Amino acid sequence: MPPTEDSKVLVSRLLREVLEGREDPEGFFAVCVSVLGQQQTRSQFLSLIRPLSSADSPLHRVLTSVYQGYYQTEDNELELALALSISDMKDYQISAPSQESRLQQPKDSSNQISSVRLTPKSEARGGSHAQLAVAAGKRNTSSSQSGAWGSVCPPKTAQETELQKGARADKHDKETSGKGPTVCVFKPSASFSGLDMGQMTKDGDLNELEKPKRPKNRRQRRKACGQQVIGLPSSLSAPRPILLWFRRDLRLCDNPALIASLEVGAPVIPVFIWSPEEEEGPGITVAAGGACKYWLHQALFCFCSSLERIGSHLIFLKANAEGNAKGSSLCALKDLIKETGARTVLANALYEPWLKERDEEVVSALQKDGVECKLFHSYCLRDPYSVSTVGVGLRGIGSVSHFMSCCRQNPGSALGVPLDPPASLPTPSQWPQGVSLDILGLACMPRRKDGTTIDWSANIRKSWDFSEEGAHAKLEAFLNDGVYRYEKESGRADAPNTSCLSPYLHFGQLSPRWLLWDAKGAHCRPPKFQRKLAWRDLAYWQLTLFPDLPWESLRPSYKALRWSSDRGHLKAWQRGQTGYPLVDAAMRQLWLTGWMNNYMRHVVASFLIAYLHLPWQEGYRWFQDTLVDADVAIDAMMWQNGGMCGLDHWNFVMHPVDAAMTCDPCGTYVRKWCPELKDLPNEFIHKPWKCPTSMLRRAGLTLGQTYPHRVITDLEERRSQSLQDVTLVRKKFGQYVDKHTGCDLVPLPSRLVSEALGLSHSNGGAVEAGKQFLLPVITRMEFKHQLEDPDADAGSNPYNAVLKGYVSRKRDETIAFFNERDFTASVIYEAAQRKERLESDYRKMEGLPQPLALRGKARRTPTAKDRFSIVPGGAVTSPW
């Protein structure tokens, strides 16, 4: 039958799609076979693609090779077989082709047993043509992965009329609209290998295959669905692969996007795209600091190994923005879709405003190109964009109690049960081209002038297991031991009472849902530990409300605070050289391991802000660069609150010395990270400047040389100055202070105003363009009292927020005794030296010989009768 004008128009349109990259060459050839027929395709295909020889010679060569591969064995007598493995199919059937299909076949290709029906709906789908190749294009292929995309048709007999076939086709078109073409294939049994397939077709004999055993387990069915028939190449009709876009969800357990990709039944291509410009966002977020990127490098390496264990592979891509930060990931995805022919992209959602905007642009652009893109919620327990204050109000906003009340009053979707990891992933017949992990530049180390590398990550490698298995091992160890002390002793720095799970949560190696379920299933279920997950969700909710949270103070009046510009103090704080052992130990731990517990983060933050008078943004940026769990939302919220500028004023300030009575009473933590102080007694380990000179000499410590002097000496004066600075800006900007309650006023975002006024989010623009709404927020009591007496010092304020820790009167008495003893010993020593000098001078004047010098240095052994070695109150005697 000669081709009609409509068929020529269709072939021309598809050829343009091949040139534009929206169709693959094999799919185009398959459609030509189905539309033009075997004979017309064989005679006219080369002339149709001849213009490509000059316009696109590589594409012309590919199409020519597909044509030659299809027809090169046409003159030989072959036994043609097509294998179909469908997980939901109960039995296989063999049928003879209709008379019409036999007429379209050439005489020497009568052995081909297949029939194809292309519906009008499927012609318009970009992903349908490649699926026809098994029935109309390529030979000796296996369709082992086409179960979810094709359907097996009942055998047709020669007595069916053209009217019946047309009616059935129209009915089936309506039923399968949008689901792709229907492919009818036949799978011969092994006993047919010696039979003449053409003779069997002529006689119309039907032989039913043995019914395969179907695994009952769902994972086993998925695994069997991904296995191909040995000896047969991959089928051209296999469903188009799915792109599984990994971001901060580097895990197999409880991964909704991963499980959703398995439900489709198509090959899965895991991909990770690194775009530092997009991660950073519009402001100074430092979202990808050095330690954070190094953890990501190691986590990606471990996750790639995990995927390889289940038969898959992770493709790495680096987006090149070339001056345009937006759309770089989109460009990388489009190139990958063009290369693989994928029509579906799945990923887990991210909630930073700039990343959410990026994802929305990606979804919109891909959907315009006919690519389905779906995002799943898994990074937080509660989607921050679904939290509402309706029914709760705005009073107390910023506190975790208010946030939990909002979640209880306006519950979202059910939390659900954690998902088990898959046993295997279906793989594509051909993997796309990617780059190596090192090309991403996540673990680049600086070099010295002589070319040697500065490996600052050595201690981080020794301190952490970067794999998903390491995350579960940490969780199990914590639930078996540390959780029992967490409620009362989570602030101890000298004991492993915390979980150390924050970096695994940040990079998605452990899902918050999995953590919550395991915590609730443990024998000890401390509410304090479970509230930490609520704090995490609260931080992301605040970031969605205030996108400039990482760099802009939320309280307008506090933007005018007078901060210090002493870079020397900042460097000393960053390097752990402040002269205050507790602060120095914490900052050195941060630099060496990339982590410190929450209590120590409060200590160093209070010292930077309340005592050094340095801006909170400096601390935030340093934390983002050195923490392995650096999280923009959490760090920004915590530093804003610690810097007195956030929605919640913490009613405490950590004292850099007395706080050690709570977190490190015996100095174990300080001795670990400040080894130069290890020989000091417990009484002086946190106050080396009070240690007697003789004890410093015996400990091998020289202040100013082996350990630095204090950068500031009068802590009380510095604290009072900080309090007076806050009072000054609150008086200067009185319009942001509530006259009745004395609380600070914060401008509300339009989203909260809309909820408070009962408006929809679509009317938020009208609210934003109107009057500014100010809300009283939580304000520290000492600020309110200081406003009445601005010149008073911090010590006289009845609401003084400085936490002194546990005060030990016994320890203070011991320190006083040691200093008194050292003074007495010094006086006695000076008197003895004076007596020796006088005696020596007298002997010289009288001409008498000098006394013999002692051969060895005398050492005094303390005894129970020695009153200088007895410590009052039964304390430990001197260590020398």
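The values are calculated or read from the model by the stated rules, or taken from the named source; none is laboratory data. Treat the numbers as computed from the prediction; the structure is a model and nothing was measured. Backbone-built Cβ (ideal geometry, glycine too); neighbour counts: all protein chains shown. The protein model used for the area step is the full one, side chains on, heavy atoms only, and it has no ligands, DNA or RNA in it. Shrake-Rupley method; radii C 1.70, N 1.55, O 1.52, S 1.80 Å.
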(Q) Are there any trypsin sites (Lys or Arg not before Pro) in segment 440-475 that are in a DSSP loop and have at most 15 other Cβ atoms within 10 Å? List them by number. (A) R448, K449
Q) Taking the Cα centre of segment 457-545 as the origin and placing charges on Cβ (Lys, Arg +1; Asp, Glu -1), which of N480, W535, Q509 is farthest toward the positive end of the dipole? A) W535
**Q.** Qualifying GluC sites (Glu not before Pro) in segment 279-352, DSSP loop, other Cβ atoms within 10 Å at most 16
**A.** E322
Q) In nm, what is the difference between 0.36 nm times the number of residues separating T713 and A792 and their Cα-Cα distance? A) 26.4 nm
Q | Net length gained if the chain between Q724 and D841 were fully extended (0.36 nm per residue, minus Cα distance) | A | 36.0 nm
Q. Which of the peptides 573-584, 705-716 is most tightly packed, and how do the rest follow, judged by the mean count of other Cβ atoms within 10 Å per residue?
A. 573-584, 705-716
Q) Can you give me the Cα centroid spacing of segment 562-582 and segment 256-323 in angstrom? A) 36
Q: Would you mind calculating the gained length between D450 and L516 on full extension (0.36 nm times residue separation, minus the Cα-Cα distance), in nm to one decimal?
A: 18.7 nm
Q) When ligands, DNA and RNA are left out and all protein chains stay put, how many square angstrom of accessible area per residue does segment 242-386 have with a 1.4 Å probe? A) 34
**Q.** Accessible area, probe 1.4 Å, largest first, for residues D658, D438
**A.** D438, D658
Q) Using modelled backbone amide H atoms (1.01 Å from N, in-plane), which distant-in-sequence or interchain residues come within less than 5 Å of K318's amide H? A) W274
Q: Give a quick list of trypsin sites (Lys or Arg not before Pro) in segment 340-407 that DSSP marks as loop, anything other than H, G, I, E or B, with at most 12 other Cβ atoms within 10 Å.
A: R395
Q: Determine the dipole magnitude for segment 457-545: charges of +1 sit on the beta-carbon of Lys and Arg, -1 on that of Asp and Glu, nothing else is charged, the reference point is the Cα centre, and the result goes in debye to the nearest 20.
A: 280
(Q) Residue by residue through segment 545-558, what is 3J(HN,Hα) from phi via Karplus (6.51 cos²θ - 1.76 cosθ + 1.60, θ = phi - 60°)? Round to whole Hz and write x for glycine and proline. (A) 7, 10, x, 8, 4, x, 9, 10, 5, 6, 8, x, 5, 7
**Q.** Which listed pairs, of K571/K687; K474/K672; K293/K784; K559/K687; K293/K338; K520/K672, have C-alpha distances above 31 Å, in listed order
**A.** K293/K784; K559/K687; K520/K672
Q) Using the Karplus equation 6.51 cos²θ - 1.76 cosθ + 1.60 (θ = phi - 60°), what ³J(HN,Hα) coupling, rounded to whole Hz, does each residue of segment 455-468 give in order, writing x for Gly and Pro? A) 8, 6, 9, 4, 5, 5, 4, 6, 8, 9, 9, 8, 8, 5
Q | Amide hydrogen neighbours beyond the local backbone of V653, cut-off 5 Å, H modeled | A | V802, L803
Q: Work out the length of the dipole vector of segment 556-719 about its Cα centre, built from +1 on the beta-carbon of each Lys and Arg and -1 on the beta-carbon of each Asp and Glu, and round it to the nearest 20 debye.
A: 480
